[in-house]
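Undergrad: Mind looking over this structure? Questions follow.
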Amino acid sequence: MSGSDVRGDYFDGRSARPVPARATLEPQGLRLQGEALDRLVPLAQVQWPERTRHGRRIVHLADGASFHAHDGAAFDAWRAAAGHRGSWVERAQQSWRGVLGAVALLAVLAGGLYQWGLPAAARGVLNFVPASVDQRLGESALHTLGGQILEPSTLPAAQQEDLKRAFDRAVAAAYPPGQAPAYRIHFHKSRIGPNAFALPGGIIVMTDELVKLVEGDVEVVVGVLAHELGHVEHRHGMRMVVQTGLLGVITSVAFGDFSGWLAAAPVVLGQAAYSRAAEREADVASIRILKAAGLSPLAMVRFFEKIGEKEGGRDRSLLGIAFASHPPDAERIARFREAAR
């Protein structure tokens, strides 16, 4: 190899037989010479390979032919000596600073997409999801959870009815006639301890253990149920499922098939947690319903005091699916105290 050419194999695109050849850059284009070979290819018809640390350098020509350099490093030096530096993307890939910067930018973009982009997109998509989908998904989730963590309630039927009627009165006081979101209350003995959660379609589950923890305090039960009704009103559960689905689509594009997300939706509803913003919205709903019913938001303060006594400062995630990622108790207690003034 001289300083102005580089050796390799030429393939005409029709035969697998290589022809030893020499490539030279001329003002008119790329000249390829070898046994029974002498052709000049305009540079506009030449597709140059990217410079990489390893791998052969293959020059593709517009008619399907190609030139395979024997020595990648020599090819890069030959091309650079001729004044061809490659694109800025190619140069950035060869710089550790460029790669590190690209990784950092990708991390920032991915974090922004997850934090703000996905929730915004989920809210937009949710506008086109009919309420009937919420109902079907809620029933499916309740059935799934019933086989995993929920058992028939052991609370006296009369107590269950008294609690439901108290909540019905509070909701009637808080909403104009016919404007309250549809809901159904289910009491269940559970394997998750004191808890309450809302499923799409207006299904609200409260565990026997929670009722017993607050010693049947009607105002506390109404406050907790009102919080869950806030989730129903804002369709937080369905929004979470849609958001999970959008994340699945993005994941499938990046890493492959993610078609099983829909089948796992009931489990997602049972194990994932709402965002802090959603929890604050639900707390606001609880305050509004309590005050409309003539009840003090301090009822929820009593609730947190009971929870604190039971947990004794331990990790709140012990409470399972409903309260694991709620905003810190101190923040929420302050909100309810302020509302009670």
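The values are calculated or read from the model by the stated rules, or taken from the named source; none is laboratory data. All of these numbers come straight from a predicted model, not from anything done at the bench. Methodologically, a virtual Cβ is constructed for each residue, glycine included, from the backbone with ideal geometry; neighbour enumeration extends over all protein chains shown. Side chains included, ligands, DNA and RNA excluded: accessible areas come from the protein's heavy atoms. Shrake-Rupley method; radii C 1.70, N 1.55, O 1.52, S 1.80 Å.
Undergrad: How high is the FRET efficiency between Asn127 and Val99 when r is their beta carbon distance and R₀ equals 41 Å, given to the nearest 0.05?
TA: The pair Asn127/Val99 has a calculated efficiency of 0.50.
Undergrad: Where the accessible area of region 176-234 is counted over protein heavy atoms with a 1.4 Å probe, how much of it, in %, is carbon and sulfur?
TA: C and S atoms contribute 52 percent here.
Undergrad: What does the highest-first list of 135-147, 216-228, 276-288, 156-168 look like by mean Cβ count within 10 Å?
TA: Put in order of decreasing packing, that is 216-228, 276-288, 135-147, 156-168.
Undergrad: While we're on this one: Mind listing the phi-derived Karplus ³J(HN,Hα) values for region 299-310, rounded to whole Hz, using 6.51, -1.76 and 1.60 with θ = phi - 60°, and x for any glycine or proline?
TA: Working through the residues one at a time gives 4, 6, 5, 4, 4, 5, 5, 5, 4, x, 5, 5 Hz.
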